[in-house]
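> Questions regarding the structure given below will be posed in turn.
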Amino acid sequence: MHAEAPIKLADFHANARAALNDPKLRDSFSGAMDFLIERRARQFPDPAAFERLRRVGEAVRQHALARLPELLVQLEERLTALGVQVHWAETAADANAIFLDLARRHDAPLMVKGKSMVSEEIELNHAMAAQGIDCVETDMGEYILQLDGDRPSHIIMPAIHKTKRDVAEIFHEHIDGAPLTDDVNELIAIGRRALRDKFASARIGVSGVNFMVAETGSLVLVENEGNGRLCTSVPDVHIAITGIEKVIEKLEHVAPLFALLTRSATGQAITTYLNVLTGPRRPGEKDGPREMHLILLDNGRTQAYREQRFRATLQCIRCGACMNHCPVYTRIGGLSYGTTYPGPIGAIISPHLQNLHETRDLPTASSLCGACGEVCPVGIPIPDLLMRLREAGRHSVAQSATPPEQPLRGQGELRRWPETLAWKAWRWLYSQPMRYRLLVWLAARLRWLTPPWQGGWTLARAPLRPAPQSFRDRLAQRRQQRR
């Protein structure tokens with residue numbers, strides 16, 4: 001397996017420019033997003049009905065978040081009673097240490113992994129490879145990317161930036177005996193055959209979790225390929241990993257979230273598989289893991305939870321609808337962001353998982369058109385959160401009108417002295433009418449000194465130049481003419 005190519009957060013602008021200059025990538029994403037937008041629209045033909053269902057989903061998530069500490073304790077108690085071992089990981093390093101300990105305890109040189117964005121978040125594959133443990137992706141899209149040493153560009157369809165010709169060449173190069181074919185069905189069959197032996201020989205299966213039910217101790221997984229079911233039932237040991245925010249109170253709360261997730265993500269009325277796992281194999285049962293573990297990851301989530309103004313970020317059910325409708329994501333793709341979660345949801349959650357300084361460009365990578373907020377199935381006010389993050393990046397805690405209980409890591413670090421000086425000068429000039437009029441008078445007469453380069457504005461627009469005559473002067477001139 002090839003190692004995934006690292007992408008530096010600081011390269012966002014360079015990555016975006018490269019993507020915009022790649023016609024193949026732009027065509028691929030544009031067509032795919034249009035297709036997904038159309039499919040989703042067919043699943044929600046009645047806006048009023050969608051809004052009613054969205055309010056239910058939003059209420060379920062807000063109810064769970066309001067009781068998050070209590071529900072996590074209830075979940076752990078219920079899981080422990082069912083024979084599931086619960087582990088708490090504050091950081092990505094903590095989570096990887098737990099995986100390594102379990103792999104060594106079970107002498108497991110191979111893990112098979114179902115699709116899990118949280119495992120991408122902690123870079124599990126890299127961490128295990130560094131210790132001589134092979135962690136094989138079994139989701140077809142993720143498997144293609146792992147063979148090619150690439151990264152996911154979408155949280156639901158990770159290999160959406162690859163064409164079928166790309167896949168054919170990857171399989172032909174990395175899978176023994178794979179013919180060079182563009183036939184999609186044959187390509188899927190090649191991938192399945194290559195993965196089949198992995199399921200049988202792996203001692204540990206890894207999965208993500210869509211929802212955790214505190215009432216029953218159930219882990220809910222949504223999938224289409226069946227690989228998730230194999231990962232969680234064939235190996236002797238199943239390790240699930242997820243963020244602490246995925247807990248909900250009751251099993252009945254799964255239904256509205258499931259209806260919103262599948263239709264928003266892929267435009268399906270229902271997915272092929274809905275797995276509800278409630279403990280390891282019991283006496284008399286013929287399949288299922290003999291040992292089951294759940295790793296609950298924080299990794300900055302409590303930062304978002306503590307701040308009421310950012311808590312709505314944790315409502316996300318990872319459907320990807322905001323990405324599909326985002327004009328910025330559609331044009332530059334997911335790899336440009338350099339984070340595990342790209343697009344609008346990545347722009348609001350990554351500052352908490354990493355820090356605001358490292359992810360400084362992401363909250364501004366938005367046109368603020370509001371499409372992401374309109375389609376979010378659980379009512380996350382994404383545009384509002386983007387504006388709050390922009391403000392947090394440029395205002396320290398001391399400058400905040402309402403200081404937070406605990407600031408974001410990197411809060412206030414984006415403000416630079418030229419910007420501070422510029423705003424002070426603006427305030428000084430605009431706070432007195434005489435100064436302002438003098439500024440306008442001078443700007444009109446010295447307009448020929450306007451610089452041709454004006455930062456990001458002139459990358460795609462003509463330079464701004466003061467008018468030869470101010471609006472006040474033109475109005476006064478018109479009044480004189482009327483007299």
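The values are calculated or read from the model by the stated rules, or taken from the named source; none is laboratory data. Everything numeric in this text was worked out from a predicted model, so none of it was measured. For neighbour counting, all protein chains shown are included, and Cβ atoms are generated from backbone atoms with ideal geometry for every residue, glycine included.
> Just for helices (runs of 4 or more DSSP H) wholly inside the range 416-483: which have at least 2 residues that are aliphatic (A, V, I, L, M) and within 28 Å of R390 (Cα to Cα)?
By residue number, 417-430.
> Of all the residues that make up the range 101-132, how many are under 24 Å from the mean Cα position of the chain (by Cα) and part of a strand (DSSP E or B)?
Number of matching residues: 2.
> Can you tell me how many residues within the range 182-233 are within 22 Å of the chain's Cα centre (by Cα) and among the hydroxyl-bearing types (S, T, Y)?
1
Residue-wise test of (1) of a type in the set (G, A, S); (2) out of contact with any Pro (no Cβ under 9 Å at 6 or more places or on another chain); (3) farther than 22 Å from E245 by Cβ.
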| residue | (1), (2), (3) |
| --- | --- |
| E90 | no, yes, no |
| A93 | yes, yes, no |
| N96 | no, yes, no |
| L100 | no, yes, yes |
| I133 | no, no, yes |
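> How many of the residues making up the range 447-468 are surrounded by fewer than 12 Cβ atoms within 10 Å (Cβ to Cβ) and touching a residue at least 12 places away in the same chain (Cβ under 8 Å)?
Qualifying residue count, the range 447-468: 4.
> Can you tell me which residues in the range 82-94 are among the aliphatic types (A, V, I, L, M) and in contact with a His (Cβ under 8 Å, 6 or more places away or on another chain)?
The answer is V84, V86.
> Whether any residue in the range 249-263 is within 30 Å of P45 (Cα to Cα), touching a residue at least 60 places away in the same chain (Cβ under 8 Å) and among the small types (G, A, S) is what I want to check.
yes
> So Y143 fits all but one of (1) touching a helix residue (DSSP H, G or I) at 6+ places or on another chain (Cβ under 8 Å); (2) under 22 Å from A92 (Cβ atoms); (3) modelled with pLDDT of 95 or more; (4) buried (at least 22 other Cβ atoms within 10 Å of the Cβ); what number is the exception?
(2)
> Right, another one. Mind listing just one residue for me: the one in the range 412-436 that is touching a residue at least 12 places away in the same chain (Cβ under 8 Å) and on the phi < 0 side of the Ramachandran plot and, of those, surrounded by the most Cβ atoms within 10 Å (Cβ to Cβ)?
Among them, the one singled out is L414.
> Is it true that A214 is out of contact with any His (no Cβ under 7 Å at 6 or more places or on another chain), over 23 Å from E58 (Cβ atoms) and surrounded by 17 or more Cβ atoms within 10 Å (Cβ to Cβ)?
In short, no.
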